[in-house]
1. Starting from region 168-179, take each residue that is free of Cβ contacts under 8 Å to residues at least 40 places away in the same chain and list its partners that are surrounded by fewer than 14 Cβ atoms within 10 Å (Cβ to Cβ), counting only C-beta distances under 6 angstrom and pairs at least six apart or across chains.
2. So the check is Cβ under 7 Å with 6+ separation or different chains; which pairs have a first residue in region 239-266 that's buried (at least 17 other Cβ atoms within 10 Å of the Cβ) and at pLDDT below 80 and a second one that's part of a helix (DSSP H, G or I) and aliphatic (A, V, I, L, M)?
3. Do we have MET98 as under 30 Å from PRO180 (Cβ atoms) and open to solvent by 60 Å² or more (accessible area, probe 1.4 Å) here?
4. What helices (runs of 4 or more DSSP H) completely inside region 129-223 contain at least 1 residues that are over 21 Å from PHE258 (Cβ atoms) and in contact with a Leu (Cβ under 6 Å, 6 or more places away or on another chain)?
5. For region 83-93, what are the residues that are crowded, with 16+ Cβ neighbours inside 10 Å and closer than 23 Å to PRO165 by Cα?
6. Of the residues THR178, THR224, THR205, which single one is hydroxyl-bearing (Ser, Thr, Tyr) and either in contact with a Cys (Cβ under 8 Å, 6 or more places away or on another chain) or crowded, with 21+ Cβ neighbours inside 10 Å (or both)?
7. Output the qualifying pairs, or none if there are none: Cβ atoms under 9 angstrom, residues six or more apart or on different chains, first residue in region 43-58 and closer than 19 Å to ALA246 by Cα, second residue open to solvent by 80 Å² or more (accessible area, probe 1.4 Å).
Amino acid sequence: MKRSPLARLWPNATAVVLFIGFAFPVYWMFTTALKPTSDIISEDPVWFPTGATLEHFQKAVDAENFWTLVGNSLTVTLSAVGLSLLIALLASFALARMRFKGRRGFLLTFMIAQMAPWEVLVIAIYMLVRDGDMLNSLLPLTLFYMVMVLPFTILTLRAYVAAIPKELEESAMVDGCTRPQAFIRVIFPLLAPGLMATSLFGFITAWNEFPLVLILNKDPGAQTLPLWLSSFQTAFGDDWGATMAAASLFAIPILVLFLFLQRKAVGGLTSGAVKG
């Protein structure tokens with residue numbers, strides 16, 4: 001039965017309205033960063049920049065410790081994501097392919113860990129790091145960020161491994177592969193969408209994390225970009241052009257990564273949600 005044009009119009013119109021609602025703040029942020037100061041402080045909103053300028057971006061880049069904080073954020077985020085993927089690959093394969101005592105309880109523990117807010121552990125985390133003399137260090141941030149994204153990564157990859165037919169792995173073993181070789185040569189390539197989805201989630205989580213670095217790293221040279229961004233407006237007053245340029249620089253890595261991984265990431269999330 002064909003749907004009437006009016007019935008098709010409402011979902012499309014709703015989608016357009018939602019897209020505009022979500023996309024407009026991003027558009028305004030980037031355009032404000034490119035506008036000359038006269039357009040920004042104009043009493044009437046300037047919807048389209050009359051002339052683009054990189055002056056605000058230059059001011060943001062020239063801010064104290066900017067490149068050091070970029071390096072810190074990339075180091076912590078990429079390390080946390082890489083470690084979580086390595087551990088999750090092994091754990092998800094064991095959970096999906098092997099049967100052992102306590103397996104259901106193990107899965108339930110990960111689900112509870114995923115639902116529980118980690119903020120309730122902030123005091124315990126601070127005391128642990130302080131007693132270990134690791135304040136103002138990137139290592140605790142890396143380890144705790146890894147722990148934050150690990151439950152989601154394991155659960156998603158476990159569902160994806162379970163969706164891959166066992167016969168593929170068994171055929172490779174019949175042809176002479178050991179179990180690790182079958183995993184590397186057969187299972188691992190088929191996990192690409194799941195790896196993309198979990199990598200994107202882990203990157204966004206670790207890249208945006210703010211409270212933990214605020215508590216553990218007081219040294220300006222040991223902080224990350226979210227903390228720098230929060231203090232940027234205080235340092236530059238009402239310089240909205242520089243503030244929006246700083247926010248744009250902070251958002252660019254996530255946007256680039258999402259655009260690069262979006263197709264495989266969406267496929268990985270949906271497969272991990274309904275299979276296994």
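The values are calculated or read from the model by the stated rules, or taken from the named source; none is laboratory data. As the structure is a prediction and not an experimental result, all values here were calculated from the model. Positions of Cβ are backbone-derived with ideal geometry, glycine not excepted, and every protein chain shown enters the neighbour counts. For accessibility, only protein heavy atoms count, side chains too; no ligands or nucleic acids. Shrake-Rupley method; radii C 1.70, N 1.55, O 1.52, S 1.80 Å.
1. Partner pairs satisfying both residue conditions: none exist.
2. LEU261/MET196; LEU261/LEU200; LYS264/ALA192; LYS264/MET196; ALA265/MET196; ALA265/ALA197; ALA265/LEU200
3. Details: under 30 Å from PRO180 (Cβ atoms): yes; open to solvent by 60 Å² or more (accessible area, probe 1.4 Å): yes.
The answer is yes for MET98.
4. The helices (runs of 4 or more DSSP H) meeting that bar are 138-162, 211-216.
5. Residues of region 83-93 that are crowded, with 16+ Cβ neighbours inside 10 Å, as a first pass: 83-85, 88-89, 91-93.
Answer for region 83-93, where residues must be crowded, with 16+ Cβ neighbours inside 10 Å and closer than 23 Å to PRO165 by Cα: LEU85, ALA88, LEU89, ALA91, SER92, PHE93.
6. Numbers: THR178 fails: either in contact with a Cys (Cβ under 8 Å, 6 or more places away or on another chain) or crowded, with 21+ Cβ neighbours inside 10 Å (or both); THR205 fails: either in contact with a Cys (Cβ under 8 Å, 6 or more places away or on another chain) or crowded, with 21+ Cβ neighbours inside 10 Å (or both).
From the options THR178, THR224, THR205, the qualifying one is THR224.
7. HIS56/TRP240
Here is a yes/no grid of residues against (1) β-branched (Val, Ile, Thr); (2) surrounded by fewer than 22 Cβ atoms within 10 Å (Cβ to Cβ); (3) under 17 Å from SER84 (Cβ atoms):
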| position | (1), (2), (3) |
| --- | --- |
| PHE152 | no, yes, yes |
| ARG158 | no, no, yes |
| SER171 | no, yes, no |
| GLY194 | no, no, yes |
